[in-house]
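Q: Once you've had a glance at the structure underneath, I'll fire off some questions.
Every number here is computed from the coordinates shown, using simple stated rules; none is lab data. Quick caveat: nothing in here was measured; it's all calculated off a predicted structure. A quick note on method: Cβ atoms are made from the backbone with ideal geometry, for glycine too, and the neighbour counts reach across all protein chains shown.
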Amino acid sequence: MNRKFLSLAIGAAMLLSIGATAQAQTAGWIHVRVTEDEGTSVNVNLPMSLISVAMELAQKHAFDGDMDFGDEFDGHVRFGHGNDFEVEDVRRMWAELRDAGDADYVQVEDGDENVNIYRRDDTVYIEVDEDGEDKIRLQVPFSVVDVLLEGDGDEINLVGALEEMASANNGEILQVNDGETTVRIWIDDNPQG
Amino acid sequence: MLIKLAALTMLPVALVGGVVANSSIMIVEVDNPDVHIVIPVPLSLVQVAAAFAPDEAKYVQVEEIGEFLPYLDRFIDELRAVPDDVMLVEVIDHSDHVRVFLEDDMLRVRVDEQHGTQVNVRVPLASVAAMVDAYDTETGTLRTTRLIGALRAAPSGDLVHVVDGDEEVHIRMW
């Protein structure tokens, strides 16, 4: 499997799992499916309440204070002061972008690798192509970013954004297909997905 | 007189026998082409013996795990809420197959490899919960007698079964 692709998928799964945690009370399930053409598959079905406990543990022992989930994780993440950016700056930048209308935000052509991030109507599209095969397609509705950046200071609403993403896309969080490998992450109430 | 003497002589044997009879027995079995070992471990007897062990053996200082145990306790609670047979994790890599699921209040891990290696582990959640209780938060010590008691909470049947070629390891409760 393409290592970069797999790293991205795992990273996305972890990030999204973090975001899923505060939904414990809804007894929902988060599912991750990774399928490779060459015969490997990974199938994970976890209750979000279980992930919530894992994240509280990670909060105290893994992130080493760079990210603060609060004493009882409520879905909001506060960034520490040692970071290279301030959430407030991102918030201001988003406000500018929001008012700017349709635009191409990022276009990178580097050999066989193309990255495009652009806005059409109220959706941000993220597309990555590599060797004409690797493909990442992610559509982020504006409402998701609005919810993510709501609040004050260095706090973002990760879970709220995830919920908005899921509700906007019928539970679907992320789908990636690079031609050889597919990754799907979604939330529902079915333990087996 | 002779009868009394015989009775006194037999008393310790009877006591030990009684303890063993009421005990969960862990059986460790190792089998390979060169050797076949079966070690029955009567846990009640071990627990009683442990009570007479020196304090260093009875109370093991492990302060560093103290902060993790409340999470382990909650993990167990959450796992117990998961319906049986839900496949928590499944990895298929060609002919290798890894499965993690819950069955009868036990976390089960099954690994089947294409070269014939099989690993089958059953972790009784009741035993894990009892192990958490074996930790004394005030002193930061694990009480070994209670750890053994936690093992006794395991239901009868296989706990660990590993088959790797000609070698086989079996740990089961009886």
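Q: Two decimals is fine: what is log10 I(q)/I(0) at q = 0.17, 0.18 Å⁻¹ for region B:33-130, from a Debye sum with one equal scatterer on every Cα and no solvent?
A: After summing over all Cα pairs, the log10 values are -1.03, -1.06.
Q: Sticking with this structure for a sec: Can you give the FRET efficiency for A:E109 and B:D104, using 1/(1 + (r/R0)^6), R0 = 56 Å, r = Cβ-Cβ distance, to the nearest 0.05? Walk me through the numbers before you get to the answer.
A: Values: r = 57 Å, r/R0 = 1.02.
With R0 = 56 Å, the Cβ-Cβ based efficiency is 0.45.
Q: Per residue of A:38-51, how many C-beta atoms from partner chains lie within 10 Å of its own C-beta, taken as a mean?
A: On the way: counts 2, 4, 5, 4, 6, 7, 6, 7, 5, 7, 1, 6, 8, 1.
Other-chain Cβ atoms within 10 Å of each residue's Cβ, averaged: 5.
Q: Rounded to whole Hz and in sequence order, give me ³J(HN,Hα) for region B:70-86 from the Karplus expression 6.51 cos²θ - 1.76 cosθ + 1.60, θ = phi - 60°, writing x for Gly and Pro.
A: Once θ is set to phi - 60°, the couplings for region B:70-86 become x, 5, 4, 4, 6, 4, 5, 4, 5, 5, 5, 7, 7, x, 4, 6, 6 Hz.
Q: At most 15 other Cβ atoms within 10 Å and a DSSP loop assignment: could you name the GluC sites (Glu not before Pro) in region A:100-193 that fit? Display every interim value, and only then the final one.
A: Values: sites: A:E109, A:E113, A:E127, A:E130, A:E133, A:E150, A:E155, A:E163, A:E164, A:E172, A:E180; in loops: A:E133, A:E150, A:E180.
Loop-located and lightly packed - A:E133, A:E150, A:E180.
Q: Just to be sure I understand: with springs between alpha-carbon atoms less than 10 Å apart, which residue in B:P124, B:P42, B:P33 has the highest mean-square fluctuation in the Gaussian network model of chain B?
A: The residue that fluctuates most here is B:P33.
Q: With θ taken as phi - 60° and the coefficients 6.51, -1.76 and 1.60, list the Karplus ³J(HN,Hα) couplings across region B:99-108 in order, rounded to whole Hz; mark glycine and proline as x.
A: 9, 10, 8, 10, 8, 6, 6, 10, 7, 10
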